[in-house]
Amino acid sequence: MQRNGHEVVPIVKDTQAWRQELARLAQKTTPSFVHLSAQLPEQGRTNQVLVATPNLSAVLKTYASGGENALHAHPNEDHLFVILQGVALFYGPEGEARRVAKNDCVLLPRNSLYWFAAEETGEALVLLRIGAALDPAQDVLARTNQAGAPFDGKDEANKGVPLILGEQWFE
């Protein structure tokens, strides 16, 4: 799909599609160019895999106002969130909280337990997620819960709700 003369990166619907898109993009051996553009959700959240190599990836994530996820960690990836729009509260395993807004960054070393929620401001949360694989031969999307057990991002326990896209766009 095109919007304002730019190709819109498609939304991946589940974790398996995210893995497949990472693998497909990681085969590329020439520079990649993308334009950040996302149709914003009225409910739910989206992931658009922008670029990837075996060691590094960038994903544009959106959350409807009030959207959230559950406490988890990534054992095979360090990642950085850059907040492009909206406000979020990031929480640690002991309930510690930090409010972040546009142009703030959050670095999460592997195995850091965290969860976050988009503040109910009426504005969708838009994040650029940059991930660095520690071992590209292992699953970079692997998640664990607080007990260290596998925890899929699309699991009901991760507070997912059906996606409803709105008319507004982030560009």
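Given only helices, namely DSSP H runs of n ≥ 4 each adding -39500 (n - 2.57), what is the per-residue ellipticity at 222 nm of the chain, to the nearest 500 deg cm²/dmol?
-2000 deg cm²/dmol
When N counts the residues of region 1-156, how does its alpha-carbon radius of gyration compare numerically with 2.2 N^0.38 Å, as a ratio?
1.01
For region 102-171 and region 1-61, what is the separation of their C-alpha centers, rounded to whole Å?
If we compute the Cα centre of each part, the gap is 14 Å.
Could you work out how far apart the two model spin labels at Asn103 and Glu120 are, taking each label as a point 7 Å from the Cα in the direction of the beta carbon, and quote it in nm?
Label at Asn103, label at Glu120, 2.9 nm between them.
Projecting each Cα onto the charge dipole of the chain (Lys/Arg +1, Asp/Glu -1 at the beta carbon, about the Cα centre), which of Gln16, Val106, Ala149 comes out farthest on the positive side?
Selected residue: Gln16.
Tell me the per residue accessible area of the chain using a 1.4 Å probe; a whole number in Å² is fine.
53 Å²
Counting only protein heavy atoms and using a 1.4 Å probe, what share of the accessible area of the chain belongs to carbon plus sulfur, as a whole percent?
52 percent
Can you spot the lysines whose alpha carbon is less than 24 Å from Lys159's alpha carbon? Ignore those fewer than 8 places along the same chain.
Straight-line reach from Lys159, under 24 Å: Lys13, Lys61, Lys102.
Ratio to report: Rg/Rh of region 21-82, with Cα atoms as the point set and Rh obtained by the Kirkwood method; give two decimals.
Rounded to two decimals, Rg over Rh is 1.00.
In a shell of Cβ-Cβ distance under 11 Å around Leu56, excluding Leu56 itself, what net charge do Lys and Arg (+1) and Asp and Glu (-1) give?
With Lys, Arg at +1 and Asp, Glu at -1, the net is -2.
The values are calculated or read from the model by the stated rules, or taken from the named source; none is laboratory data. On a predicted model such as this, the values are computed, not experimentally measured, just so you know. Glycine also receives a Cβ, built like all others from the backbone with ideal geometry; neighbour counts cover every protein chain displayed. Side chains included, ligands, DNA and RNA excluded: accessible areas come from the protein's heavy atoms. Shrake-Rupley method; radii C 1.70, N 1.55, O 1.52, S 1.80 Å.
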